[in-house]
Every structure is written in structure tokens, then in C-alpha cells.
Amino acid sequence: MKGRVLSIAGSDSGGGAGIQADIKAVTVLGGFAMTAITALTAQNTLGVMDVMDVPPEFLRTQIRCVLDDLGADTFKTGMLSNAGIIRVVAEEIRRYRDVPFVLDPVMVAKGGASLLAKEAVAALTEELLPLCTVLTPNIPEAEALLDRTITTPDDMVRAAKKLREQGAPAVLLKGGHLSGDLLTDVLATEQGVETFSSERIETRHTHGTGCTLASAIATRLAQGWPLSDAVINARAYLRMTIEQAPGYGAGAGPLNHCV
Ligand code: PLP
């Protein structure tokens, strides 16, 4: 099975993150990428210059067009921008409860630009958390969702469990924002907690890492892999794309998917 992935996310004109990273990761991993674009960003490796949100009803049309004809084996969401967009996504994908859903709660770009309105965080928790298969926050995103600080690996385990209590059936809490040579991600599911550690790669070229990891997981789920195996494989894929980053741009550069 190829694995049809519908990515519902924002466009990054610089090609490093968002929809562009999603299409690259899904394609290289042998899946079939489809897109419903939530927002356009004017952006390069130095930051986001401007954002234009898509009207929510046009997003709905994109999602329906794809699903009524091509269908999807997994949904993946990234930048959702505002509560109106979140509501439409929830209304549309609620009709496909048997399709796995990777929810990457994108909030802030690496350069600091907001990719989700503050007042939309509650809508994300209430409307999308209960629909997802796995939630993939980084530490600042988990802190915003829980309104608490996370500074140690033990905090991460507690936070991942707490996010499950808030409605996400599984949570992959990514530890890249904690300091140290070893980088640890925590996967909390109904079965318990697993941790995945690897040596940190020292680089400034990390633009699109969250999008790439979530899309790689989404592709493997679309291809029928169990969640834990999908996470292990996606982490290995992400590592390779960081190690081979082409070094483009003067800021946080893109990854290399064509390895
Ligand atoms: N989606 C879009 C459209 C973005 O512009 C960004 C970051 O700038 C992201 C998602 C998140 O990127 P990352 O994978 O680096 O967290």
C-alpha cells in the first residue's frame, strides 16, 4: 500500500517547513501526499515576513474535494492559524473516525512568529485533541497546552500523561528544547510510556523538523505500521535529513529529504 496522507497545514515559501516539508517527507517515504492549505506564509530561513490565512470555508472545500474523490489513509495537521480554521478541520475530519490523525500543534515559528492565535489554543484542545491518534508537541507547545513549565525528563513524562488525560489517546512529546548532549522524546500511550534517545546533532539547520517528523509518522501509519515502529522510523528519517541539510540561507536552513 502506498499510503495516502492528507496534510492540512500552512505553506512555507522557503520550502523548509509546512506543506512543502510534508510533501517531501511523505513522497520520499513512498506515500502519496495531498494538501489542504490553511495559510500562506512569506518566509525564508531568517523568518516569517507575512502571513495570509485562507478563509475557513475555502479550507473546507479543499478537504472535501480531496476526501470525496481520492480518500486518505492518514490526516496530518500543522499550522492551523486560528479558531475558525480549527473548527472546520474538526467538523470535516470528525466524519472519518477510522482514519489515523497525527496532530502537530504548531504554535510559533523558530524565528518567533506566531502560527496559531493565542485564543485558538483552547479550541485546539477542545476540538482536535479528542479526534487525534497521536499528538506531537515540542516542549514550548506542551507548556502552552498545559500552562506549566517542563524542565526535566521526569516533567516530560508527567506532561505527556497529562496531555493524554486532556483527551489525546497518544502523545509524542519531543525533547529537543531541553539542554544536554542526549535528546529524548517521550511516547505515552494506553500501553504505557516509551522513551527514545539519540545524540543531539549540533546544527542551526533545523527548520521543518517538527513538520518532517509528524509527516513521516503519518506516512508510516498510512502504510499500516504500528505507532511505536512509525515513531522509531520517523526519528531515524528525521536524523538523516538533518545530517544531510544543504546549508541554504543565512538563518535556520532547510533539511535534505532527497538522501
Ligand atoms: N508550518 C509552517 C507554515 C511554518 O512556517 C512553520 C515554521 O516556520 C512550521 C509549520 C513549523 O516548523 P517546524 O517544523 O520547524 O517546527
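The values are calculated or read from the model by the stated rules, or taken from the named source; none is laboratory data. The model shown is predicted, which means the values in this text are computed figures rather than measured ones. Using ideal geometry, Cβ is built from the backbone for each residue, glycine included, and neighbour counts are taken over all protein chains shown.
Structure above, values below:
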{"item": "Of all residues in region 142-169 being under 18 Å from residue 118 (Cα atoms) and of a type in the set (Gly, Ala, Ser), the one that is surrounded by the fewest Cβ atoms within 10 Å (Cβ to Cβ)", "result": "144"}
{"item": "Residues located in region 125-143, provided they are within 13 Å of residue 166 (Cα to Cα) and within 14 Å of the ligand (Cβ to nearest atom)", "result": "142"}
{"item": "Qualifying residue in region 2-12 (condition: away from the ligand (no atom under 11 Å from the Cβ), outside any strand (DSSP E or B) and within 16 Å of residue 86 (Cα to Cα))", "result": "no"}
{"item": "Positions within region 74-115 being at pLDDT 95 or above, outside any loop (DSSP other than H, G, I, E, B), touching a strand residue (DSSP E or B) at 6+ places or on another chain (Cβ under 8 Å) and within 16 Å of the ligand (Cβ to nearest atom), in sequence order", "result": "75, 76, 77, 81, 85, 89, 102, 103"}
{"item": "Region 43-73, residues that are outside any helix (DSSP H, G or I) and buried (at least 23 other Cβ atoms within 10 Å of the Cβ)", "result": "43, 72"}
{"item": "Breaking point among (1) away from the ligand (no atom under 11 Å from the Cβ); (2) surrounded by fewer than 24 Cβ atoms within 10 Å (Cβ to Cβ); (3) under 22 Å from residue 91 (Cα atoms); (4) hydrophobic (A, V, I, L, M, F, W, C), for residue 39", "result": "(1)"}
{"item": "Among the candidates 113, 117, 83, residue that is in contact (Cβ under 8 Å) with a residue 60 or more places away in the chain and surrounded by fewer than 22 Cβ atoms within 10 Å (Cβ to Cβ)", "result": "113"}
{"item": "Residue list for region 13-36, filter: more than 14 Å from the ligand (Cβ to nearest atom) and over 23 Å from residue 205 (Cα atoms)", "result": "30, 31, 32, 33, 34"}
{"item": "Residues of region 40-69 satisfying the condition of being in contact (Cβ under 8 Å) with a residue 40 or more places away in the chain and either farther than 19 Å from residue 24 by Cβ or of a type in the set (D, E, K, R) (or both)", "result": "46, 47, 48, 51, 59, 63, 67"}
{"item": "Residues satisfying the stated conditions in region 13-42, i.e. assigned to a strand (DSSP E or B) and over 16 Å from residue 212 (Cβ atoms)", "result": "32, 34, 36, 37, 38, 39, 40, 41, 42"}
{"item": "Filter result (without any contact (Cβ under 8 Å) to a residue 40 or more places away in the chain and buried (at least 24 other Cβ atoms within 10 Å of the Cβ)) within region 187-235", "result": "188, 230, 234"}
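Conditions (1) at pLDDT below 95; (2) aromatic (Phe, Trp, Tyr); (3) closer than 18 Å to residue 7 by Cβ, marked per residue:
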| residue | (1), (2), (3) |
| --- | --- |
| 181 | yes, no, no |
| 185 | no, no, no |
| 220 | no, no, yes |
| 228 | no, no, no |
| 238 | no, no, yes |
| 255 | no, no, yes |
